[in-house]
Amino acid sequence: MTTPITADLTAIRERWAAVRQRVIDAASIVGRDPADIDVLVATKTQPVEAVRAVIDAGARLIGENRVQELLTKTPGLADLAGSGAVNIHLIGTLQRNKINAVLAGGAVSCVQSIDTAVLAEALSRRCLASGRELNVMVQVNVSGESTKSGVTPDDAAQLARHVAALPGLQLHGFMTIGARSSDERVVRAGFARLRAVRDQVAGPGEPGTQTATALSMGMSSDLEWAIAEGATLVRVGSAIFGSRN
Ligand SMILES: *Cc1c(COP(=O)(O)O)cnc(C)c1O
């Protein structure tokens, strides 16, 4: 027997509300304004109907991991992205040979996964050529886990300053995926490290770095810890859609 799709949509709506409440509760514990924390919905493997359902429930930020999936799904969201009702971010690896495809679609407003100067420079050139400006974030591997992408924390500030100086790109902040650990101290130390990088880069006020204030960190299992460490954007998938098989 198949589950009626309406049941899924109701569940998505309820889970979206529950996530918003988690953000509000986590912010209040540490005395932060929940309005300073955006929720990006990570929609990998979800069909367009599910994405539209969460947007309908109030989501304004969508994140896709794989370029191919992004390109397949964005036509079904073009009305919402085009009107500015929703912003779509790329939160997974971007290969240089996919840059044109991502820019051509025009749907992506931010690439969160910049982790090399070579990638940033290629993106900058294409943005310049097409006369557009793109928001980007520098992805940092705060845990040092080999399975994770991102520049090392030691090299992050230098890469960020380089990106900030490139034409066609607007450095918006920093992104990380937390340590794969249930130890609060370990996970929070990683998030604190990302915050320190942000402060190191945005603090002195060098040209192009003043806008680099965003901290994209925290997912379904650790968003409270990320908010305690200053996250301005949490990326949530399974808490809204259920666990992926
Ligand atoms: C899937 C994914 C998320 C969301 O993870 P959940 O644990 O499902 O909330 C966040 N960020 C990135 C980069 C992801 O790939």
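Since every read-out is calculated from the coordinates, none of them should be taken as a lab result. It should be emphasised that the depicted structure is a prediction, and the values quoted were computed from it without experimental measurement. Quick reminder, even Gly has a Cβ in these numbers, built from the backbone with ideal geometry, and neighbours come from all protein chains shown.
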(request) Would you grab the residues whose amide H sits under 5 Å from the one on Gln170? Only those 5+ places off in sequence or on another chain, please, with H modelled 1.01 Å from N. (result) Leu134, Asn135, Val136
(request) Normalising by the residue count of the chain, find the relative contact order in percent from Cα pairs under 8 Å and 6+ residues apart. (result) 18
(request) Using label points projected 7 Å from each Cα along Cα→Cβ, tell me how many nm separate Asp25 and Arg132, to one decimal. (result) 3.9
(request) Provide the gained length on full extension for the span Ser149 to Val48, in nm with one decimal, where the gain is 0.36 nm per separating residue minus the Cα-Cα distance. (result) 33.7 nm
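Could you give the size of the charge dipole of the chain about its Cα centre, using +1 on the Cβ of each K and R and -1 on the Cβ of each D and E, expressed in debye and rounded to the nearest 20?
Dipole of the chain, to the nearest 20 debye: 420 debye.
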(request) Can you tell me the dipole magnitude for the stretch 96-151 around its Cα centre, using point charges on the Cβ only (Lys, Arg +1; Asp, Glu -1), in Debye to the nearest 20? (result) 200
(request) Quick one: which residues, 5 or more positions from Ile37 or on another chain, have an amide H under 5 Å from its amide H? H modelled 1.01 Å from N in the peptide plane, none for Pro or chain starts. (result) none
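Using only DSSP helix segments of four residues or longer, with each worth -39500 (n - 2.57), what per-residue ellipticity at 222 nm results for the chain after dividing by its residue count and rounding to 500? Could you put the intermediate results ahead of the total?
Numbers: 10 runs with 108 residues, N = 245.
That comes out to -13500 deg cm²/dmol.
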(request) Take the alpha carbon gyration tensor of the chain, find the square roots of its eigenvalues, order them as a ≥ b ≥ c, and report rounded if a/c is under 1.5; if not, report prolate when a/b exceeds b/c, else oblate. (result) oblate
(message) Just want the answer: with Cβ charges of +1 for Lys and Arg and -1 for Asp and Glu, which residue in Leu223, Leu169, Val118 is farthest toward the dipole's positive end in the chain?
(response) Val118
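Figure the gain on full extension for Asp183 and Ser221 (residue separation times 0.36 nm, minus the Cα-Cα span) and round it to one decimal in nm.
12.5 nm
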(message) What is the sum of charges, Lys and Arg at +1 and Asp and Glu at -1, for the other residues whose Cβ falls under 12 Å from the Cβ of Val138?
(response) 0
